[in-house]
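Input: a single structure, listed below in structure tokens.
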Amino acid sequence: MKLTRRFHTMVAFKHHTFDMHTHLHIERLGQVRPSLKIAVVTETYPPDINGVAMTLSRIVNGLVKNGHDILLIRPKHFKNDEPTARDGFQEKLVHGLPIPFYKQLRMGLPSKKELLRLWTYNRPDIVHIATEGPLGWSALQAAKKLRLPVSTDFRTNFHAYSNHYKIGWLSAAILSYLKKFHNAAHVTMVPTSQLEAELDAVGFQNLHIVPRGIDTQLFSPHKRSLRLREQWGANDQTTVMLYVGRLAAEKNLPLVIQSYAMAQKIHNDVKLVLVGDGPLMADLQHKYPEVVFAGFQTGEDLAMHYASADMFVFASQTETFGNVTLEAMASGLAVVAFNHAAASELIISGENGMLAAQNTEVHFEMAVQAILNNPFLMAESKINAVQTARNFSWESIVERTESVFFDVINHYRSPIQIGLSQPMATRFHKQYP
């Protein structure tokens, strides 16, 4: 059982001595760690529906549960949006604008002066920046000015997205900005070893792997609903192919539909269900009236949609991780994907899913057919996928994130944080602006 208590003590660091108010965590194994004041900066957070928002909220809630104090800075979701506050968690809202090609989300406007004022009077132990927009850049500059340790997440391949929004000519400039942004931090967390290798090859520094987690109580084969399948026009013999995600160009949906069309020619009873919304939805509904469009789903409803399908067909190659892959596996689906992002880390082809043998449309379609043509392989993949997902609890992911924060603080602690008096700190800033 964990015990948290406050203490007041004198802490010595080299030849400096200073007062420190904090918490102590007494972990199950007796490990003692102070609680942290963590400023989290993000352009997206629930009720936004996307992988970044969901993952970040899970980590924030886990850190609060572990006794840390979180100040979350985000743009307003709507005009009359109000900040929330509870024990260990407080929000600071800033102004924002819709992202041009992703209007469901907003980007925060530059807020450096506001953040400088906020963090000067309420100094965090570390600043964690989850997104690289104008708000994130402001936070990076403010933290640098105040000599605060900084960690970042690399969660979205914006340079890869650019090719799908007719701005591919900006790809190199976007990549250059992202590299400058993340290399200014003390550490950048990435979800897979594949992404770590890709970013390292183009000059990103201080990369650390922290994978994503899964709620196996929510996403489970037990959430399967025969009534929902009936609404889709499916019975026990129907093979339901499922996609979950944004209906947008970067998700490679034409290949999903192409694979479905080929499956229909070979198998008598196959259905395709698309869960999500986005700029392509109206056009897809017009072109493919036989496809089931389920719209946005969340919580128990989303879990039911996953578990009520049979195969998860995911052709995206722009993900940094792809939470949906892990959600599908936890729900007991046979996943077909490219050897990319989460699938490359989690799936052993022919055991707990199927990967395209090569990075081509033909090989992706062959992987779909391999599952459809072999009922035994599909059944084994479903069982083994659930077992794989059980190794990725959110508790373990939060602990790994927490460890990164402590490592950064220990290695990049500034003179102010190690006990300089205010006059000494002022002289330090003048000498090292």
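The values are calculated or read from the model by the stated rules, or taken from the named source; none is laboratory data. Not measured: the values here are computed from a predicted model. Using ideal geometry, Cβ is built from the backbone for each residue, glycine included, and neighbour counts are taken over all protein chains shown. Calculation scope for accessible area: heavy atoms of the full protein, side chains included, ligands and nucleic acids excluded. Shrake-Rupley method; radii C 1.70, N 1.55, O 1.52, S 1.80 Å.
Using a probe of 1.4 Å on the protein chains alone, the accessible area found for ARG33 is around 40 Å². You can think of it this way: the chain between HIS208 and HIS95 has 37.6 nm of extra reach, that is 0.36 nm per residue less the Cα-Cα gap. The calculated FRET efficiency for the pair TYR121 and THR238, based on their C-beta separation and a Förster distance of 56 Å, comes to about 0.40.
Computed from phi, the 3J(HN,Hα) profile of region 225-239 under the Karplus parametrisation 6.51, -1.76, 1.60 (θ = phi - 60°) reads 10, 5, 5, 5, 4, 5, 5, 7, x, 10, 10, 5, 8, 6, 9 Hz, with x in place of Gly and Pro.
For ASP200 and GLU290, what does the FRET efficiency come to when R0 = 60 Å and r is the distance between their Cβ atoms, rounded to the nearest 0.05? So the FRET efficiency works out to roughly 0.85. Ordered from largest to smallest accessible area (heavy atoms of protein chains, 1.4 Å probe), the residues HIS68, HIS411 come out as HIS411, HIS68.
The stretch between MET281 and ILE383, if pulled fully straight at 0.36 nm per residue, gains 33.5 nm over its current Cα-Cα span.
With the convex hull of the Cα atoms taken as the outline of region 261-343, the averaged projected area works out to 6.1 nm². Candidates ALA342, ASN391, ILE409 compared by Cα position along the dipole of region 330-421: farthest toward the positive end lies ILE409, with charges placed on Cβ. Only the Cβ atoms of Lys and Arg (+1) and of Asp and Glu (-1) were treated as charged; on that basis the dipole of region 267-311 about its Cα centre amounts to roughly 120 debye.
In this structure, the amide hydrogen of LYS271, modeled 1.01 Å from its nitrogen in the peptide plane, lies closer than 5 angstrom to those of THR239, VAL240, MET241, counting only residues at least 5 positions away or on a different chain. Measuring against 18 Å, Cα to Cα, the residue pairs LYS113/LYS145; LYS37/LYS65; LYS180/LYS251 contain LYS180/LYS251 as the ones spanning a longer distance. Given their separation in residues at 0.36 nm each and the Cα-Cα distance between them, ALA172 and HIS363 gain 65.9 nm when the chain is fully extended.
Heavy-atom surface analysis with a 1.4 Å probe gives region 43-101 a carbon and sulfur content of 57 percent of its accessible area. In sequence order, region 323-330 has phi-based couplings of 3, 4, 4, 5, 5, 5, 5, 4 Hz under the Karplus curve 6.51 cos²θ - 1.76 cosθ + 1.60, θ = phi - 60°, and Gly or Pro positions carry x. Residues whose amide H lies under 5 Å from that of ILE209, counting only those 5 or more places away or on a different chain, are VAL190; hydrogens are built 1.01 Å from N in the peptide plane.
Peptide packing: for 120-130, 391-401, the average count of neighbouring Cβ atoms within 10 Å per residue gives the ranking 120-130, 391-401, highest mean first. Put ASP153, ASP87 in order of accessible area, highest first, and with a 1.4 Å probe you get ASP87, ASP153. For region 316-374, place one equal point scatterer on every Cα, skip the solvent, and apply the Debye formula. What is log10 of I(q)/I(0) at q = 0.13, 0.18, 0.22 Å⁻¹? So the normalised log intensities are -0.28, -0.54, -0.81. Inter-label distance, HIS411 to GLU300: 4.5 nm, where each label sits 7 Å from its Cα along the C-beta direction.
Listed values for region 254-261 are Karplus-derived 3J(HN,Hα) couplings in whole Hz (6.51 cos²θ - 1.76 cosθ + 1.60, θ = phi - 60°), namely x, 6, 4, 5, 4, 5, 5, 4, and x replaces Gly and Pro. Simple rule: put +1 on each Lys or Arg Cβ and -1 on each Asp or Glu Cβ in region 174-330, find the dipole, and look at LEU253, PHE314, MET241; the Cα lying farthest toward the positive end is LEU253.
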